[in-house]
Amino acid sequence: MGYELFGNVSYVAQTKIGEFVEHLKRGQLMGTKCEKCQTVYFPPRADCPKCLVDKMEWVKVNGDAILVTFTEVNFAPTGFEAPYILALGRLNSGQQVFARMAKDIPFDKLKVGMKVKLAPISLRDDRVAYEFNLP
């Protein structure tokens, strides 16, 4: 099992962090932490870009975040249905994450600096992803 079930369209089937999909299926946000420098990454990384090692461990990530910016996307790449709201959130642990905003949240209700929550979601055909929602 790899990334073939992540998102609406998958571009790779296997990856060193394929376990990420299984965590999302169980409703868990998991990142990776470098065993050398202790930096936590979300989305997870297989190798640490800071110290260039591949010794990573899985860690739970809290989805609480602050909305940094957002935009409405009207032209979508393959696998996405436009329009949708693309958001950048800063997790309380410091990582910045791009994700779609939940479809039921109107654009005019969003404000930079508001609290949002990153959470796993189920898509059609047993696929998974994550998105921002209101806490």
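The values are calculated or read from the model by the stated rules, or taken from the named source; none is laboratory data. As the structure is a computational prediction, the values presented were derived from the model and not from experiment. Neighbour counts run over all protein chains shown; Cβ positions are idealised from the backbone, glycine included.
Miscellaneous remarks
- Of all residues making up the stretch 31-63, the number that are under 15 Å from the mean Cα position of the chain (by Cα), among the charged types (D, E, K, R) and assigned to a strand (DSSP E or B): 1
- Only a single criterion out of (1) more than 15 Å from Val97 (Cβ to Cβ); (2) at pLDDT 95 or above; (3) assigned to a loop (DSSP other than H, G, I, E, B) is not satisfied by Tyr11, namely (2).
Each row is one residue, and each column tells you yes or no for (1) out of contact with any Asp or Glu (no Cβ under 6 Å at 6 or more places or on another chain); (2) over 22 Å from Glu19 (Cβ atoms); (3) among the hydrophobic types (A, V, I, L, M, F, W, C).
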| position | (1), (2), (3) |
| --- | --- |
| Thr39 | yes, no, no |
| Lys60 | yes, no, no |
| Glu81 | yes, yes, no |
| Arg100 | no, yes, no |
| Lys109 | yes, yes, no |
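- Residues (surrounded by 15 or more Cβ atoms within 10 Å (Cβ to Cβ) and not in a strand (DSSP E or B)) located in the stretch 82-97: Gln95
Rundown of residues vs (1) surrounded by 17 or more Cβ atoms within 10 Å (Cβ to Cβ); (2) among the small types (Gly, Ala, Ser); (3) assigned to a strand (DSSP E or B), yes/no style:
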{"residue": "Ala65", "(1), (2), (3)": "yes, yes, yes"}
{"residue": "Thr71", "(1), (2), (3)": "no, no, yes"}
{"residue": "Phe75", "(1), (2), (3)": "no, no, no"}
{"residue": "Phe80", "(1), (2), (3)": "no, no, no"}
{"residue": "Ala99", "(1), (2), (3)": "yes, yes, yes"}
{"residue": "Asp104", "(1), (2), (3)": "no, no, no"}
{"residue": "Gly113", "(1), (2), (3)": "no, yes, no"}
{"residue": "Glu131", "(1), (2), (3)": "yes, no, yes"}
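- On inspection, Ala46 does not qualify as among the aliphatic types (A, V, I, L, M), in contact (Cβ under 8 Å) with a residue 12 or more places away in the chain, touching a strand residue (DSSP E or B) at 6+ places or on another chain (Cβ under 7 Å) and within 14 Å of Tyr130 (Cα to Cα).
- Selection from the stretch 117-127 of residues that are buried (at least 19 other Cβ atoms within 10 Å of the Cβ) and at pLDDT below 95: Arg127
Residues are listed down the side, and each one gets a yes or a no for (1) of a type in the set (A, V, I, L, M); (2) under 22 Å from Gly27 (Cα atoms); (3) modelled with pLDDT of 95 or more:
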{"site": "Glu57", "(1), (2), (3)": "no, yes, yes"}
{"site": "Val61", "(1), (2), (3)": "yes, yes, yes"}
{"site": "Asp64", "(1), (2), (3)": "no, yes, yes"}
{"site": "Leu67", "(1), (2), (3)": "yes, yes, yes"}
{"site": "Ala87", "(1), (2), (3)": "yes, yes, yes"}
{"site": "Ser93", "(1), (2), (3)": "no, yes, no"}
{"site": "Ala102", "(1), (2), (3)": "yes, yes, yes"}
{"site": "Asp108", "(1), (2), (3)": "no, no, yes"}
{"site": "Met114", "(1), (2), (3)": "yes, no, yes"}
